[in-house]
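Input: a single structure, listed below in structure tokens.
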Amino acid sequence: MLRTTLVSYLAAALLLAGCSSDSKQSSSKSSIAQASAGDLTAELLADGAMQTGMTPVYVRVSSGGVAVTDATLTFMPMMSMSAGTKHSAPVIGPAALGADQLYALSVVFQMATSDMGTWSATVGVTRPGKTALELTFPALTVADSGRAKTFSYVDPAGISTRYVASFNIKAAPKVGLNPVVLTLHRMQDMMTFIAVEDASLELDPQMPSMGHGSPGSVSPTATSLGRYEGQVSFSMPGSWETTVTVKQGAVVLGVPKFTTVF
């Protein structure tokens, strides 16, 4: 009898621990906004505050309080400028459903929310046998992290092409090698961003206050969807300025610079 009671107690304890772990995993993400349309409710979440640069975002979709797991999602960020114009941002997807029943993707916000413009986002939800619905999250706050830059390349014929790049250190920066993910997209128009997957990137970290650089960085190489992974070397704590030379073949498209302070 005592053994049966002990086993039951341990089983209950493990179940509670599992529930506690699930709750902690879900609560580790910040709820940004909610929206409803038809029988659907969508919640927008992020790992913290949304920032310029490559920002993972998550969408929880439910119907009648039950998680929707059979949907195909589209995500369209939109900045409405004070001058009356609008533009979107690169989206790295498609949205993938995780074990936590959240649809995950990444957005490369190239501008912060300011007096010049505000962000919103529209989620399109398509389900088998159901009417497609759109849900909009208005007035989103995106903070400036310094991790996104835009630059232009003018070809010999005088045609200008605009690019959006981001520089994202995977963990808190430290002395030594730091794994980084860079993204590169070409602006086809104000709403369309094409992932550039055939560029070569070179990293040159410099500490302007000390007048020296740091050797040993590993040039990022293309993985997928406009993502490039490599390692940046910092030889000491402080304020670093990393120049990224972006090439296609022998042509230098641009040299955006990104500041890292630690």
- Check Ser152, Ser166 and return the single one that is hydroxyl-bearing (Ser, Thr, Tyr), at pLDDT 95 or above and loosely packed, with under 14 Cβ neighbours inside 10 Å. Ser152
- Message: Looking only at residues that are in a strand (DSSP E or B) and loosely packed, with under 15 Cβ neighbours inside 10 Å in region 63-72, which one is farthest from the chain's Cα centre (by Cα)?
- Response: Val66
- Test: residue in region 46-62 that is among the acidic types (Asp, Glu) and either closer than 23 Å to Ala195 by Cβ or surrounded by 15 or more Cβ atoms within 10 Å (Cβ to Cβ) (or both): yes
- Task: Write out, first by first residue and then by second, each pair whose Cβ atoms fall under 9 Å of each other, whose residues are 6+ apart or on separate chains, and whose first residue, in region 136-161, is under 30 Å from Ser30 (Cβ atoms) and in contact (Cβ under 8 Å) with a residue 24 or more places away in the chain while the second is exposed (fewer than 14 other Cβ atoms within 10 Å of the Cβ) and of a type in the set (S, T, N, Q).
- Result: Phe137/Gln34; Asp144/Ser114; Gly146/Thr259
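Pick out, from region 218-258, the strands (runs of 3 or more DSSP E) lying fully within it that include 1 or more residues that are of a type in the set (Asp, Glu) and farther than 22 Å from Ile92 by Cβ.
On the way: elements: 218-222, 227-234, 239-248, 251-254.
By residue number, 239-248.
Okay, residues lined up against (1) at pLDDT 95 or above; (2) farther than 19 Å from Asp39 by Cβ; (3) surrounded by 15 or more Cβ atoms within 10 Å (Cβ to Cβ):
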{"position": "Ala89", "(1), (2), (3)": "yes, yes, yes"}
{"position": "Ile92", "(1), (2), (3)": "yes, yes, yes"}
{"position": "Thr113", "(1), (2), (3)": "yes, yes, yes"}
{"position": "Thr118", "(1), (2), (3)": "yes, yes, yes"}
{"position": "Ala121", "(1), (2), (3)": "yes, yes, yes"}
{"position": "Pro128", "(1), (2), (3)": "yes, no, no"}
{"position": "Glu134", "(1), (2), (3)": "yes, no, yes"}
- Is it true that some residue in region 173-180 is within 30 Å of Met78 (Cβ to Cβ) and either of a type in the set (Gly, Ala, Ser) or in contact (Cβ under 8 Å) with a residue 60 or more places away in the chain (or both)? no
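The values are calculated or read from the model by the stated rules, or taken from the named source; none is laboratory data. What you see is a predicted model; the values in this text were computed from it and never measured. Cβ: placed from backbone, ideal geometry, glycine included. Neighbour counts: every protein chain shown.
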